[in-house]
Amino acid sequence: MIFARRFAKTGRTFGLSVARDPRSGWAVQQEENGQVVKVSHYHDWHRVERQMAVFQVKASALQEAGWQELSAPASDH
């Protein structure tokens, strides 16, 4: 896992992650309430960086709205 952040508020969860995918480069994933709602695959690292910047903005907005960041999952490397 290259990047992972999870947030919770009143029984709801929201997660954002980026992982290396040997077949497609990188997998960028969004989860809501334990369900994957969006997965995008990128070969170009610059697109991954842009998605991570978007995730940072989303994370800031969630925290401002009272969501709490959960502890990071264990690294798989």
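The values are calculated or read from the model by the stated rules, or taken from the named source; none is laboratory data. Fair warning: this is a prediction, and the values are worked out from it, not measured in the lab. Counting neighbours? That spans all protein chains shown, and the Cβs are built from the backbone with ideal geometry, glycine included.
So the values come out like this:
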read-out: Residue satisfying all of: in segment 11-30; hydroxyl-bearing (Ser, Thr, Tyr) and surrounded by fewer than 18 Cβ atoms within 10 Å (Cβ to Cβ); nearest to residue 51 (Cα to Cα) among these; value: 24
read-out: Conditions (1) part of a loop (DSSP other than H, G, I, E, B); (2) surrounded by 13 or more Cβ atoms within 10 Å (Cβ to Cβ); number of the one not met by residue 66; value: (2)
read-out: Tally, over segment 1-52, of residues that are free of Cβ contacts under 8 Å to residues at least 60 places away in the same chain and either within 20 Å of residue 71 (Cα to Cα) or among the hydroxyl-bearing types (Ser, Thr, Tyr) (or both); value: 26
read-out: Verdict on residue 8 being surrounded by fewer than 16 Cβ atoms within 10 Å (Cβ to Cβ), modelled with pLDDT of 95 or more and either touching an Asp or Glu at 6+ places or on another chain (Cβ under 9 Å) or in a strand (DSSP E or B) (or both); value: yes
